[in-house]
Amino acid sequence: MNHSKFSISRRSLLTGVATTAAISSFGVAAEKQASSFILPKASQSSAGSLAADEAFWAEIATYYDRTQGIVNLEHGYWGKMAKPVIEAYQRATKMVNDQNSFYARKRFPKDIRHATSRVAQALGAEEGEIVLTRNATESIHNLIRQYQGLSAGDAVLFADSDYPSFKTTMKWLEQDQGVKSVEVITPSLADQQQLLHAYVAAFDKHPEIKLMLLTHVSNQHGLVFPVVEVVKEAHNRGIDVICDCAQSWGLIDYKISDLEVNWAGFNLHKWIGSPVGVGALYMKKGSLNKIAPYPGESDPDNSRAYTRVHTATANFAAFLAVPTALDFHQAIGGENKQARLHYLRDLWFTEAQSMSHIEVLGGKDSMSSTGMSSFRLKGKNSIDDANKLQQRLENDFGIFTVIRKGLDSGACVRITPQVFTGVDEIQQLVDSLKKLA
Ligand SMILES: Cc1ncc(COP(=O)(O)O)c(C=O)c1O
């Protein structure tokens, strides 16, 4: 394996020593022990060919401690921190605890500004457009609850494939604002055209829609929604869009400008690999007038995104580890990570698709799919069926998964590998699927 020492200017494709970003954040004590890592140099020029380079990914896997006692194919809940990230987090936790309010009151404001600016850079957002939150839920709930554009008789739209808690909050607008909620049913195995068509049909049927929730990547089956196209159709009809990017950033590689949305919620604890407890709110410059400040806070010229959330005391150390998490993510390369996860998904998905007893759910083509997808036994779509299937995989075959039950078409079992998942583990899944007949 060809190793290359890190170059912060990113001369080579893959880089390794995360000393710089962490330094300003940790104070003197931490500065002396900043994280370093040396990642293998890419042996292939394209992300697509690197995706199948087992030696390379085996080397990446050494940066993670593995779940013991089971093959874990449920990495959609939150992402495991790589070793350099957990080390940075542990150091930050100790420093914050040692220095207590002396640190938090004097240095933390500067450090969180640094972490925020790193997130903005990584997402391609402008300064002031990103606010760090505790999770995607905090970001999205605030957007929904503080949205100002509704009057009685209007409608709001969400999809069956949206995140369940956000569907609940969109429905709650009925009682809070006197609006009607409309649920669009999206196909469970779909391409971009079919998904766009489902939204356009709902817009045409309900011209009273004023606000919609749009998920970039569904947590039910990893389906990628055609955000740009849907947003264009929505904006043409005067519909505002809140975009849920909780499951997309890091699972797929993009910049916020690629999505052409005004408002979005993210987390970094899934696919960016930060400690649990880091989210982000994006509000495009000039788009703040319809989202009120957090109750009681003021923003006289409507230009300060940070007045839309009030996080108060949170996990200081988790925010301090964000620069190292971004360093590690960028060292692997967002595009490489997306391609590898997609490759692992294709290994089982293609096999499962040819099994007559299995129904697969997710993207039909590569534009519409991610490393995450779902399946169920044909004709068995109740929650009870999915629970039994999940239990069988766990108890009989040693594979841990999770059931998802939000889709109109019924419940399913979700399969989510990570960058450290081996092809042998995917093969174990394929062998198990065959035996489910
Ligand atoms: C699509 C989607 N939206 C939102 C969330 C909520 O994210 P968080 O736990 O960071 O609030 C999740 C979490 O699983 C998700 O998958």
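The one condition from (1) modelled with pLDDT of 95 or more; (2) surrounded by fewer than 20 Cβ atoms within 10 Å (Cβ to Cβ) that Glu127 does not meet is (1). With respect to the conditions (1) basic (Lys, Arg); (2) surrounded by fewer than 17 Cβ atoms within 10 Å (Cβ to Cβ); (3) within 16 Å of the ligand (Cβ to nearest atom), Arg134 lacks only one, and its number is (2). Number of residues in region 214-254 that are closer than 27 Å to Phe349 by Cβ and not in a helix (DSSP H, G or I) equals 25. Can you tell me which residue is farthest from the ligand (Cβ to nearest atom) among those in region 162-179 that are surrounded by fewer than 17 Cβ atoms within 10 Å (Cβ to Cβ) and not polar (S, T, N, Q)? Step by step, filter region 162-179, then rank; the result is Gly178.
Of all residues being out of contact with any strand residue (DSSP E or B) (no Cβ under 8 Å at 6 or more places or on another chain) and of a type outside the set (Val, Ile, Thr) in region 219-249, which is farthest from the ligand (Cβ to nearest atom)? Just the residue, please.
Only one residue tops the list, namely Asn236.
Name the single residue, out of those in region 99-116 being out of contact with any strand residue (DSSP E or B) (no Cβ under 8 Å at 6 or more places or on another chain) and among the polar types (S, T, N, Q), that is surrounded by the most Cβ atoms within 10 Å (Cβ to Cβ). Within region 99-116, the match that is surrounded by the most Cβ atoms within 10 Å (Cβ to Cβ) is Gln99.
Taking region 180-213 as the range and being in contact with a Cys (Cβ under 9 Å, 6 or more places away or on another chain) and either surrounded by fewer than 15 Cβ atoms within 10 Å (Cβ to Cβ) or within 22 Å of Ser151 (Cβ to Cβ) (or both) as the test, only Leu213 passes. The single residue among Asn236, Asn219, Asn267, Asn262 that is in the same structural domain as Ala136 (by TED's automatic domain parsing) and over 23 Å from the mean Cα position of the chain (by Cα) turns out to be Asn236.
Would you confirm, using the coordinates I've provided, whether Ser303 is away from the ligand (no atom under 13 Å from the Cβ) and within 18 Å of Asn142 (Cα to Cα)? Spelling it out, Ser303 is indeed away from the ligand (no atom under 13 Å from the Cβ) and within 18 Å of Asn142 (Cα to Cα).
Within region 378-393, residues that are closer than 20 Å to Asp431 by Cα sit with their Cβ atoms under 6 Å from residues that are surrounded by 17 or more Cβ atoms within 10 Å (Cβ to Cβ) and among the hydroxyl-bearing types (Ser, Thr, Tyr), at 6+ positions apart or across chains, in these pairs: Gln390/Thr401; Leu393/Thr401.
The values are calculated or read from the model by the stated rules, or taken from the named source; none is laboratory data. Just so you know, these numbers come straight off a predicted model, no measurement behind them. As a convention, Cβ positions derive from the backbone with ideal geometry for all residues, glycine included, and neighbour counts pool all protein chains shown.
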